[in-house]
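The values are calculated or read from the model by the stated rules, or taken from the named source; none is laboratory data. It should be emphasised that the depicted structure is a prediction, and the values quoted were computed from it without experimental measurement. Cβ sites come from the backbone with ideal geometry, for glycine too, and all protein chains shown count toward neighbours. Remember, those area values only see protein heavy atoms, side chains included, never the ligands or the DNA or RNA. Shrake-Rupley method; radii C 1.70, N 1.55, O 1.52, S 1.80 Å.
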Amino acid sequence: MIVTRFAPSPTGRLHLGHAYSALFAERAAREAGGRFLLRIEDIDRARCRPEFEARILEDLAWLGLAWDGPVRRQSEHTDDYRAALDRLAVEGLTYPCFCSRKEIEAEIARAGSAPHGPSGLIYPGTCRSLPDDERRRRIEAGSPHAIRLDVGRALERSGPLFWHDRARGKVAAEPAIEGDVVLARRDAPTSYHLAVTVDDQLQGVTLVTRGADLFAATHIHRLLQAILGYETPDYHHHPVRTNDRGERLSKRDGAASLSSLREAGRSPADVRMLAGWD
Ligand code: GLU
């Protein structure tokens, strides 16, 4: 059974790019007689707001989308992320990182080279080799810390990895491209990478459809699936909608928000067309 999902973050209003992505996921499920799920990715408590979530549900329903089963809200499932983190910690695949952003930048400047991954500077691994007693001492002293994945060790454990992408065929995963990514933030019990991987497994998602702007993240998700013993869904990274200047639409492009189009009198059919949907 094909199970897809649409997983917006309630940090603003949905725009035409989201509409395309949601319609894409729903169609992939319906065509195959499968299920289409809705997940609210509200881990970032500082940026997410209940009124945005309410607006998202309203906009999707207005557009004619119907999801199956209850909405999963990530903020209500922090125990699931904690359990996955604990498993990885027991296996020695994570480590606490006490570095602030400033310290990371200073360390990179000292090293004289600044390798970049798809999301920016790569963490130089400063805390990877901290002795255990030093880690314990700092944690007991209440030092704020993130939890990072030891990608090198995880890869030793997993060996070479692949996934099937409906748009690109067989893809060899390169999880090291982002370095030792954060799995739990200083200010949040999980990171995007961990929450998405855990949720897709727990919700039985078999086909992850999302914009090609998230393609790089799949390298990391594939590694997390391997070390957590999860199933690997199929993927379909679809083209991302751009504005007239060829830039990726963002929530800041207020004019393209579904609510503003609705308020301006556009119909759901108009909006589907504007989103590039046939
Ligand atoms: N919550 C993510 C976003 O709004 C999407 C996550 C995903 O589809 O994997 O960009």
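Kirkwood Rh, Cα Rg: Rg to Rh for the chain?
0.99
Using only Cα atoms, find the angle between the long axis of helix 101-111 and the longest principal axis of the chain, and express it within 0 to 90 degrees, rounded to the nearest 10.
60
Roughly to the nearest percent, how much of the accessible area of the chain is carbon and sulfur, given a 1.4 Å probe?
Ligands and nucleic acids excluded, carbon and sulfur give 49 percent.
Given a 1.4 angstrom probe, what's the average accessible area per residue across the chain, in square angstrom?
Accessible area per residue: 49 Å².
What is the distance in Å between the Cα centroid of region 129-165 and that of region 188-251?
About 21 Å separates the Cα centre of region 129-165 from the one of region 188-251.
I want the local charge near ASP42. Using Cβ-Cβ distances under 11 Å, sum +1 for each Lys or Arg and -1 for each Asp or Glu among the other residues.
Once all neighbours under 11 Å are counted, the net charge is +2.
Summing -39500 (n - 2.57) over the DSSP H runs of n ≥ 4 in the chain and dividing by its residue number, what mean residue ellipticity at 222 nm do you reach, to the nearest 500 deg cm²/dmol?
-12000 deg cm²/dmol
Return the Rg/Rh value of region 1-71, two decimal places, where both radii are evaluated on C-alpha atoms and Rh is the Kirkwood radius.
Rounded to two decimals, Rg/Rh equals 0.97.
Which of the trypsin sites (Lys or Arg not before Pro) found in region 117-198 are in a DSSP loop and have at most 15 neighbouring Cβ atoms, other than their own, within 10 Å?
ARG166, ARG168, ARG186
Relative to the longest principal Cα axis of the chain, at what angle does helix 50-63 sit, 0 to 90 degrees, rounded to 10?
It is inclined by approximately 40 degrees.
Going by the alpha-carbon gyration tensor, a ≥ b ≥ c the square roots of its eigenvalues, is region 84-128 rounded (a/c under 1.5) or, if a/c is not under 1.5, prolate (a/b greater than b/c) versus oblate?
Prolate, since a/c reaches 1.5 and a/b exceeds b/c.
Could the peptides 20-32, 92-104 be put in order, highest first, of the mean number of other beta-carbon atoms found within 10 Å of their residues?
20-32, 92-104
How far is helix 78-90 tilted off the main Cα axis of the chain, in degrees rounded to 10, range 0 to 90?
30
Go from 0 up to the bin containing the longest alpha carbon distance in region 123-218, width 10 Å each, and give me the % of pairs per bin.
Pair shares across the bins are 12, 38, 33, 13, 4.
Are there any GluC sites (Glu not before Pro) in region 169-278 that are in a DSSP loop and have at most 14 other Cβ atoms within 10 Å? List them by number.
Here the sparse-neighbourhood loop sites are GLU231, GLU247.
Just the accessible area for MET273, please: 1.4 Å probe, Å², rounded to the nearest 10?
140
Treating only the Cβ of Lys, Arg, Asp and Glu as charged (+1, +1, -1, -1), what charge dipole size does region 171-278 show about its Cα centre? Round to the nearest 20 debye.
About 340 debye.
Note the per residue figure in Å³ for the convex hull of the C-alpha positions in region 4-158.
That works out to 178 Å³ per residue.
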